[in-house]
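A quick write-up on the structure given underneath.
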Amino acid sequence: MAKQSSDLMFRLYSMHNYEQDITGMNDLFQRCKSTDYESVMMGDSNKSPILFHCESIDHLHCMKQYPESYCGTLVNTKDGRVVAFTAGHIKFVYFGSSLMTVIFIRLVRVDPTQRRQNLLINLTKQGNKTGVENIPDYTIGYTTDTNVPSLNMQQRLFGSLSNPVSRFSHFILSTTPTSKAIKLHKLSFEETERLWMVDMIDWVQRPSLSDLHRIMHMDEYIGIFAVGDFSSQQYATAMIWEPLTTILCDDRSGTKNEYRGRFRLALNFFQSSNSIPSVAVQEREHLISALINAASNDEIPFLICDIEESSLFTSLVRQKALAVSTESISRVPWSERVTDMADRFANSPIWLDPRDLSNLLYFKPLSEKLQSQL
């Protein structure tokens, strides 16, 4: 689909035909690479050093990971170059027992030479007019707290509707082997379904069962692991994922060997309500230590833990972390039922989709108080 306005042409692609213009899209990503850091860190008032960052070796790998994906571009008709790009992925997720349609927005990029010309607003408005078959109940996006330009654009487009609903942090932990680590139990398909359908029923944005199975069959999925007694519902658990097209780069000064390579991602940390209070903290500590040990045994030097600020695991992970990057989750409602359910699920934990991992992460030293521009 293509629409022309003055010297810019809007093009919409699906997961089935985006590769016909993949060269132009990758050319834009390459032009943006030199300014990615500047864009994300514009709101950083502390100017702290960058300790780690993530890089993508295939920005468009995400187009193949979801049940339904689209991407939109603005093309300069004079020279044929892609000057703006964004991607959206349609998913079906649960809020309690209610099934919702959501579009996850990612990979927003603008040619560095054409910023401050409202290209993203143009691109967003064009995309909203396309009439994609699945009208969402809401759209969702993750934005680094120091990415003020993106936050300002969201405010201009959606006003109060784009106010963050949650904040979460990516903590980087160094992995080391330990003989004292508790053995991990990998959940079976049946146990995973029980965890998702019964134990985590109060969590929002849990994927549909078919999409959960899709995730579990992906090469990046390592498993969901538990410590404690899962059968008696006294346990702590987390999902483990290993991104195939994103690498972690060690930017710390003074390190002898520069590292650019694979890492593990741990997310959706959960503890059963039946855990005995006197051993609950110990279960959480054992889980984190066991995940660190398992990654080390697989010769992976770093583990990234994605955790909401309200999680019981946050303080424990923070104590072990080398660096942090914090993001906000914004949800823009489109249907009345999302608005009607907002109060009911206002404080519910959010199920973080491992496929949604940002490629534009810069990690800084931990401070006593995490800074936010919100």
### Query
Which ones in the range 68-124 are buried (at least 19 other Cβ atoms within 10 Å of the Cβ) and not in a strand (DSSP E or B)?
Asp111, Leu120, Leu123, Thr124
### Query
Quick one: is Arg337 open to solvent by 20 Å² or more (accessible area, probe 1.4 Å), among the basic types (Lys, Arg) and within 26 Å of Ser56 (Cβ to Cβ)?
no
### Query
When the range 217-233 is examined, which residues are found to be within 18 Å of the chain's Cα centre (by Cα) and open to solvent by less than 60 Å² (accessible area, probe 1.4 Å)?
Met218, Glu220, Tyr221, Ile222, Gly223, Ile224
### Query
Does any residue of the range 292-307 turn out to be open to solvent by 40 Å² or more (accessible area, probe 1.4 Å), over 29 Å from Ser150 (Cα atoms) and free of Cβ contacts under 8 Å to residues at least 40 places away in the same chain?
yes
### Task
Taking only the range 155-173 into account, find how many residues are polar (S, T, N, Q), in contact (Cβ under 8 Å) with a residue 40 or more places away in the chain and open to solvent by 30 Å² or more (accessible area, probe 1.4 Å).
1
#### Entry: Qualifying positions in the range 211-225 - in contact (Cβ under 8 Å) with a residue 60 or more places away in the chain and farther than 19 Å from Leu173 by Cα
Asp211, Arg214, Ile215, Met218, Glu220, Tyr221
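Each row is one residue, and each column tells you yes or no for (1) assigned to a helix (DSSP H, G or I); (2) out of contact with any Asp or Glu (no Cβ under 7 Å at 6 or more places or on another chain); (3) outside the structural domain of Ser275 (by the TED database).
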| position | (1), (2), (3) |
| --- | --- |
| Val198 | yes, yes, yes |
| Ser210 | yes, yes, yes |
| His213 | yes, yes, yes |
| Ala226 | no, yes, yes |
| Ala238 | no, yes, no |
### Query
Filter the range 174-205 for residues that are within 28 Å of Leu322 (Cβ to Cβ) and hydroxyl-bearing (Ser, Thr, Tyr); which is most open to solvent (accessible area, probe 1.4 Å)?
Ser179
#### Entry: Subset of the range 11-52 [open to solvent by 60 Å² or more (accessible area, probe 1.4 Å), part of a loop (DSSP other than H, G, I, E, B) and in contact (Cβ under 8 Å) with a residue 12 or more places away in the chain]
Met42, Ser45, Asn46, Pro49
### Task
Could you look through the range 246-272, keep only residues that are assigned to a loop (DSSP other than H, G, I, E, B) and within 23 Å of Phe225 (Cβ to Cβ), and pick out the one that is most open to solvent (accessible area, probe 1.4 Å)?
Arg262
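The values are calculated or read from the model by the stated rules, or taken from the named source; none is laboratory data. From a predicted model like this one, the values you see are computed outputs, not experimental measurements. We place every Cβ from the backbone using ideal geometry, glycine too, and count neighbours over all the protein chains shown. Accessible surface areas use protein heavy atoms only, side chains included; no ligands, DNA or RNA. Shrake-Rupley method; radii C 1.70, N 1.55, O 1.52, S 1.80 Å.
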